[in-house]
Amino acid sequence: MPQQTPPADATPADATPAGRPEIEIRDLHKSFGDNHVLRGIDLDVAPGEVVCVIGPSGSGKSTLLRCVNLLEEPSRGTVHVGGTELTDPDVDIDAVRRRIGMVFQQFNLFPHVDVTGNLTLPQRRVLGRDKARAAEVARENLDRVGLADKAGAFPAQLSGGQQQRVAIARALSMGPEVMLFDEPTSALDPELVGEVLSVMRLLAGEGMTMMVVTHEMSFAREVADRVVFMDGGVIVEQGPAAQVITRPAHERTRNFLDRILDPAAVEPPVGEDPGPTRQPEG
Ligand SMILES: Nc1ncnc2c1ncn2[C@@H]1O[C@H](COP(=O)(O)OP(=O)(O)O)[C@@H](O)[C@H]1O
Ligand SMILES: [Mg+2]
């Protein structure tokens, strides 16, 4: 494996040595005191791959994502992102985090700053971009999430779905190589879920590498290259969405899916209009 250190301004395509996974997780463990939450996770995510992580509450999904951007320090094991070992004690954590965008269930927008300010402040503070350049990047990304007309609005003037799209645009404005989503639609009213999933579908189509913790099985079936089912801090099974969701190999997966799945949301009856949240491939 060639040892290359990508230049600081590398584009995503340059930043990962060829053939290497964008995210590489090996024997990852995380304990909080006596609570052994992650119990040996091995997972690779290829450049441009979309991996959906599903599993019951408390199974360690959020902890896994948080270990991938070092919001939590792993207890054991290694995590590489774009070829850089995050778990190396000498790693520049801030430099690594810039390459990893994270979107949470709660949008965490600054309430007293307008949408443009929410997108430009982190760019200026963390990346040192000047005001004009930061505003230009903000405009591009608001356009990408369909909110170009909301640049001057304050968060309280936006719906939950719009606020989450702003949060996605904020993460994109940092130019990440990888996007991590932790139940990004769970706090939304049902009628607002589709617009956020549409933006995520768009990013997936653009080739963004994504890890998505979600309960949206129809999204996982449509967009995920791979679905990972976690329970009790381990990966119980993984594979193409159609396999894991439709023909799970393990009893634990079947039990989980039986509990959460509305079969009509996954497999529309033959001849029925699948509804407006589904869009044609491509
Ligand atoms: N910062 C923390 N301190 C202590 N315990 C935590 C912390 N974060 C998560 N946990 C515990 O880790 C377990 C897994 O939580 P989490 O990763 O949030 O699961 P999930 O996202 O699958 O619902 C839970 O038992 C939770 O209480
Ligand atoms: Mg969680």
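Of all residues in the stretch 84-114 being of a type in the set (Val, Ile, Thr) and within 27 Å of residue 197 (Cβ to Cβ), which is surrounded by the fewest Cβ atoms within 10 Å (Cβ to Cβ)? Break it down into steps so the answer makes sense when it comes.
Residues of the stretch 84-114 that are of a type in the set (Val, Ile, Thr), as a first pass: 84, 87, 91, 93, 96, 100, 103, 113.
Keeping just the survivors that are within 27 Å of residue 197 (Cβ to Cβ) gives 100, 103, 113.
On the way: 100: 24, 103: 26, 113: 14.
Taking the candidates together, the pick is 113.
Out of 86, 109, 64, which single residue is of a type in the set (A, V, I, L, M) and at pLDDT below 95? Before you say what the answer is, go through the steps one by one.
Numbers: 109 fails: at pLDDT below 95; 64 fails: at pLDDT below 95.
It is 86.
For the stretch 125-234, which fully contained helices (runs of 4 or more DSSP H) count at least 2 residues that are more than 17 Å from the chain's Cα centre (by Cα)?
Details: elements: 131-144, 160-172, 190-205, 217-223.
Filter on the stretch 125-234 gives 131-144, 160-172, 190-205.
Checking residue 240 against (1) at pLDDT 95 or above; (2) surrounded by 16 or more Cβ atoms within 10 Å (Cβ to Cβ); (3) farther than 22 Å from residue 141 by Cβ, which test does it fail?
(2)
Give the stretch 115-156 a look and list any residue that's among the charged types (D, E, K, R) and buried (at least 18 other Cβ atoms within 10 Å of the Cβ), or say none. Reasoning before the result, please.
In the first step, residues of the stretch 115-156 are kept if they are among the charged types (D, E, K, R); the result is 124-125, 129-131, 133, 136, 139-140, 143-144, 149-150.
Correct list: 129, 144, 150.
Mind counting the residues in the stretch 74-94 that are over 12 Å from residue 41 (Cβ atoms), assigned to a loop (DSSP other than H, G, I, E, B) and either free of Cβ contacts under 8 Å to residues at least 40 places away in the same chain or touching a Cys at 6+ places or on another chain (Cβ under 8 Å) (or both)? Show your work before the answer.
Taking the stretch 74-94 as the starting set, the residues that turn out to be over 12 Å from residue 41 (Cβ atoms) are 80-94.
If we keep only those that are assigned to a loop (DSSP other than H, G, I, E, B) too, we end up with 82-83, 86-92.
Filter once more, keeping what is either free of Cβ contacts under 8 Å to residues at least 40 places away in the same chain or touching a Cys at 6+ places or on another chain (Cβ under 8 Å) (or both): 86-92.
Residues in the stretch 74-94 being over 12 Å from residue 41 (Cβ atoms), assigned to a loop (DSSP other than H, G, I, E, B) and either free of Cβ contacts under 8 Å to residues at least 40 places away in the same chain or touching a Cys at 6+ places or on another chain (Cβ under 8 Å) (or both): 7 in total.
Looking only at the stretch 48-62, which residues are in contact (Cβ under 8 Å) with a residue 60 or more places away in the chain and either assigned to a strand (DSSP E or B) or within 16 Å of ligand 1 (Cβ to nearest atom) (or both)? Write out each step before concluding.
Let us first name the residues in the stretch 48-62 that are in contact (Cβ under 8 Å) with a residue 60 or more places away in the chain, namely 48-56, 59-62.
Across the stretch 48-62, the qualifying residues are 50, 51, 52, 53, 54, 55, 56, 59, 60, 61, 62.
The values are calculated or read from the model by the stated rules, or taken from the named source; none is laboratory data. Because the structure is a prediction, the values reported are computed rather than measured. All Cβ positions, even for glycine, are placed from backbone atoms using ideal geometry, and neighbour counts span all protein chains on display.
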